[in-house]
Amino acid sequence: VLSCNRGVQISSTEACKGIEIPCEHLGLQQKLMSISAVSVCSCFWVAVLDGCVVGIVAAQGQEDDNTVELRRMSVDSRYRGKGIAKALGRRVLEYAMRNNYAAVVLGTTAVKLAAHKLYESLGFCRTSQSEDYRLPGMSRSPLERLFFQIRHSRYRLQLREE
């Protein structure tokens with residue numbers, strides 16, 4: 001368990017078995033459930049404040065290129081700007097270094113500048129950006145192309161040379 005500022009506890013999957021998430025945090029609960037197919041090279045962490053889940057992040061190891069993908073970082077909107085996302089991001093970086101991965105990568109469709117600034121403050125560099133990204137399930141019909149223009153950014157933080 002990692003303590004960060006303002007009394008937030010960050011626990012790994014081993015310490016969080018059976019954690020109950022209050023109904024008001026259903027968005028976080030759904031994201032946690034989407035990470036349920038965790039492989040041996042993966043881990044996720046939960047940030048808890050006063051018994052409530054306020055943030056999550058996952059790390060998924062990619063053996064083919066010796067990278068870790070930072071996935072599903074999310075902080076409850078009521079707790080943003082308090083250092084929780086930065087503490088979660090640092091936990092993924094620590095995991096990657098401890099397990100001798102060469103780099104940490106992530107992809108995001110975040111439209112908020114604060115999310116991009118967070119990744120850059122952790123040391124990530126943007127490696128690519130797509131203006132015509134398609135979310136899973138989108139058909140790219142003329143109406144979807146007109147109303148849903150999604151920018152997808154890829155970031156990378158090189159930890160060591162291969």
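Extension gain N100-E120, at 0.36 nm per residue separation less the Cα-Cα distance, in nm?
Values: separation 20, 0.36 × 20 = 7.20 nm, distance 2.16 nm.
Between N100 and E120, full extension yields 5.0 nm more.
If I stretch the segment between E161 and S77 completely, what's the gain in nm (0.36 nm per residue apart, minus their alpha carbon distance), one decimal?
26.6 nm
Packing-wise, with mean Cβ within 10 Å as the measure, how do 102-112, 119-129, 52-62, 79-89 rank, highest first?
Details: 102-112: 16.4, 119-129: 14.5, 52-62: 21.4, 79-89: 18.8.
Order by mean packing, descending: 52-62, 79-89, 102-112, 119-129.
Extending each Cα 7 Å along its Cβ direction at L113 and E63, get the distance between those two points in nm, one decimal.
4.3
Taken together, the values in this text are just the output of simple stated rules run on the coordinates, not laboratory data. Because the structure is predicted, anything quoted here is derived from the model rather than measured. Counting neighbours? That spans all protein chains shown, and the Cβs are built from the backbone with ideal geometry, glycine included.
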